[in-house]
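Everything on this sheet refers to the single structure shown next.
The values are calculated or read from the model by the stated rules, or taken from the named source; none is laboratory data. Since we're looking at a predicted model, the values are computed, not measured. Ideal geometry is used to build each Cβ from the backbone, glycine not excepted, and the neighbour counts take in all protein chains shown.
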Amino acid sequence: MKIGFIGLGNMAKAMIGGMLQKGIVRKCDILGSARSKETLETVRQNYGIETKAGNREVAGEADVLILAVKPQFFQTVIEEIRDEVSAETLVISIAAGKTMDWIGHIFNKEIKLVRCMPNTPALVGAGCTGVCANARVSQEETELSLRLMESFGKASLVPESLMDAVGAVSGSSPAYVFMFIEAMADAAVAAGMPRPQACEFAAQAVFGAAKLMLESGKHPGELKDMVCSPGGTTIQGVRVLEERGMRGAVMDALGAAVEQSRKL
């Protein structure tokens with residue numbers, strides 16, 4: 001099985017690294033193309049895969065073709081490669097906002113299509129990816145797509161109607177979490193802690209809290225209550241966050257991301 005990547009940016013490199021680390025495919029089974037000669041050389045040296053300057057070559061050789069270019073380049077790339085994509089090629093898109101109907105329309109023919117929405121924590125093997133497939137994709141091919149996405153984190157099947165929500169809650173939200181970590185670190189610096197240590201404490205607290213929730217299976221509200229001792233420090237901080245509208249601000253931010261995704 002040959003897996004081809006059109007586009008070799010950060011997300012593609014995270015996916016390639018995960019697939020190789022998990023042993024899902026061999027280096028000789030992956031090929032990729034990119035616009036930059038520097039990118040091609042860097043990926044070839046770092047990952048040992050075959051690289052090609054032409055997108056059409058990759059599309060023609062791949063059994064599984066992963067479109068890893070930015071949404072604004074999708075139409076141009078598809079129009080370039082569509083004659084090379086056979087009826088048996090499994091096409092995987094990781095573009096935000098591009099629906100399966102839209103992609104199929106640009107291909108101008110029936111294709112096997114899987115739409116995925118990964119996020120940047122995939123770079124450290126901790127990604128979270130939503131996956132949906134069209135009617136031409138078999139159960140076996142759907143399971144293959146899930147295995148590929150799970151090589152760099154968690155992956156779950158979702159209906160396409162929820163893909164914009166997936167993009168907001170997992171694709172965009174790392175940026176908001178980084179802002180939260182930075183704000184906590186700023187507060188620790190204001191209290192006298194050195195910046196590097198403050199960032200480490202804040203990041204580890206977020207990591208630990210997320211790990212505790214995932215592994216315990218408890219509702220986040222229950223875990224919050226466990227931290228809030230009567231008359232303690234934490235509940236006073238919670239009171240301030242509630243007064244400043246933290247929940248509403250977060251919900252509005254994700255809502256704005258969903259709306260922008262629908263416009264792409």
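Just give me the residues in region 234-255 being surrounded by 13 or more Cβ atoms within 10 Å (Cβ to Cβ) and among the hydrophobic types (A, V, I, L, M, F, W, C), in sequence order.
Answer for region 234-255, where residues must be surrounded by 13 or more Cβ atoms within 10 Å (Cβ to Cβ) and among the hydrophobic types (A, V, I, L, M, F, W, C): Ile235, Val238, Met246, Val250, Ala253, Leu254.
Just to be sure I understand, how many residues within region 179-207 are among the small types (Gly, Ala, Ser) and under 19 Å from Ala126 (Cα atoms)? Walk me through it before giving the result.
Start the filter on region 179-207 by keeping residues that are among the small types (Gly, Ala, Ser), which leaves 183, 185, 187-188, 190-192, 198, 202-203, 205.
Now restrict to residues that are under 19 Å from Ala126 (Cα atoms): 202-203, 205.
Total meeting the criteria: 3.
Looking only at region 173-192, decide whether some residue is closer than 30 Å to Asp101 by Cβ, touching a residue at least 60 places away in the same chain (Cβ under 8 Å) and out of contact with any Asp or Glu (no Cβ under 7 Å at 6 or more places or on another chain). I'd like the intermediate steps shown before the answer.
Residues of region 173-192 closer than 30 Å to Asp101 by Cβ: 173-176.
Those still in the list that are touching a residue at least 60 places away in the same chain (Cβ under 8 Å) too: 173, 176.
Then drop every residue that is not out of contact with any Asp or Glu (no Cβ under 7 Å at 6 or more places or on another chain), which leaves 173, 176.
Yes: region 173-192 contains one or more residues that are closer than 30 Å to Asp101 by Cβ, touching a residue at least 60 places away in the same chain (Cβ under 8 Å) and out of contact with any Asp or Glu (no Cβ under 7 Å at 6 or more places or on another chain).
In region 43-161, which helices (runs of 4 or more DSSP H) lie fully inside it and hold 2 or more residues that are in contact (Cβ under 8 Å) with a residue 60 or more places away in the chain and either of a type in the set (A, V, I, L, M) or in contact with a strand residue (DSSP E or B) (Cβ under 8 Å, 6 or more places away or on another chain) (or both)?
Qualifying helices (runs of 4 or more DSSP H): 74-81, 139-150.
Being under 21 Å from Ile78 (Cα atoms) and crowded, with 17+ Cβ neighbours inside 10 Å is the filter here, so list the residues in region 21-38 that pass it.
Ile30, Leu31, Gly32, Ser33, Ala34
Could you list, in sequence order, the residues of region 187-221 that are part of a helix (DSSP H, G or I) and over 28 Å from the mean Cα position of the chain (by Cα)? Quick ask: steps written out before the conclusion?
Within region 187-221, the subset part of a helix (DSSP H, G or I) is 187-190, 195-216, 220-221.
Across region 187-221, the qualifying residues are Ala187, Ala188, Val189, Ala190, Arg195, Gln197.
Quick check: is even one residue across region 220-227 more than 25 Å from Ser172 (Cα to Cα) and touching a helix residue (DSSP H, G or I) at 6+ places or on another chain (Cβ under 8 Å)?
Checked against the condition, which is being more than 25 Å from Ser172 (Cα to Cα) and touching a helix residue (DSSP H, G or I) at 6+ places or on another chain (Cβ under 8 Å), region 220-227 yields at least one hit.
Please state which one of Ser161, Ser216, Ser229, Ser172 is of a type in the set (Ser, Thr, Tyr) and either under 25 Å from Ala14 (Cα atoms) or in contact with a Ser or Thr (Cβ under 9 Å, 6 or more places away or on another chain) (or both).
Values: Ser161 fails: either under 25 Å from Ala14 (Cα atoms) or in contact with a Ser or Thr (Cβ under 9 Å, 6 or more places away or on another chain) (or both); Ser216 fails: either under 25 Å from Ala14 (Cα atoms) or in contact with a Ser or Thr (Cβ under 9 Å, 6 or more places away or on another chain) (or both); Ser229 fails: either under 25 Å from Ala14 (Cα atoms) or in contact with a Ser or Thr (Cβ under 9 Å, 6 or more places away or on another chain) (or both).
So the residue among Ser161, Ser216, Ser229, Ser172 that is of a type in the set (Ser, Thr, Tyr) and either under 25 Å from Ala14 (Cα atoms) or in contact with a Ser or Thr (Cβ under 9 Å, 6 or more places away or on another chain) (or both) is Ser172.
Answer yes or no: is there a residue in region 2-20 that is exposed (fewer than 14 other Cβ atoms within 10 Å of the Cβ), at pLDDT below 95 and within 19 Å of Glu141 (Cα to Cα).
Taking region 2-20 and keeping what is exposed (fewer than 14 other Cβ atoms within 10 Å of the Cβ), we get 10.
Now drop any that are not at pLDDT below 95, which leaves 10.
If we keep only those that are within 19 Å of Glu141 (Cα to Cα) as well, we get none.
Checked against the condition, which is being exposed (fewer than 14 other Cβ atoms within 10 Å of the Cβ), at pLDDT below 95 and within 19 Å of Glu141 (Cα to Cα), region 2-20 yields no hits at all.
Between Ser172, Ser216, which is on the phi < 0 side of the Ramachandran plot, surrounded by 12 or more Cβ atoms within 10 Å (Cβ to Cβ), of a type outside the set (A, V, I, L, M) and not assigned by TED's automatic domain parsing to the domain that holds Lys98? Steps first, please.
On the way: Ser216 fails: surrounded by 12 or more Cβ atoms within 10 Å (Cβ to Cβ).
So the residue among Ser172, Ser216 that is on the phi < 0 side of the Ramachandran plot, surrounded by 12 or more Cβ atoms within 10 Å (Cβ to Cβ), of a type outside the set (A, V, I, L, M) and not assigned by TED's automatic domain parsing to the domain that holds Lys98 is Ser172.
When region 16-42 is examined, which residues are found to be without any contact (Cβ under 8 Å) to a residue 60 or more places away in the chain, touching a Phe, Trp or Tyr at 6+ places or on another chain (Cβ under 9 Å) and either part of a helix (DSSP H, G or I) or over 20 Å from Ser93 (Cβ atoms) (or both)?
Residues satisfying the conditions are Ile16, Leu20, Lys27.
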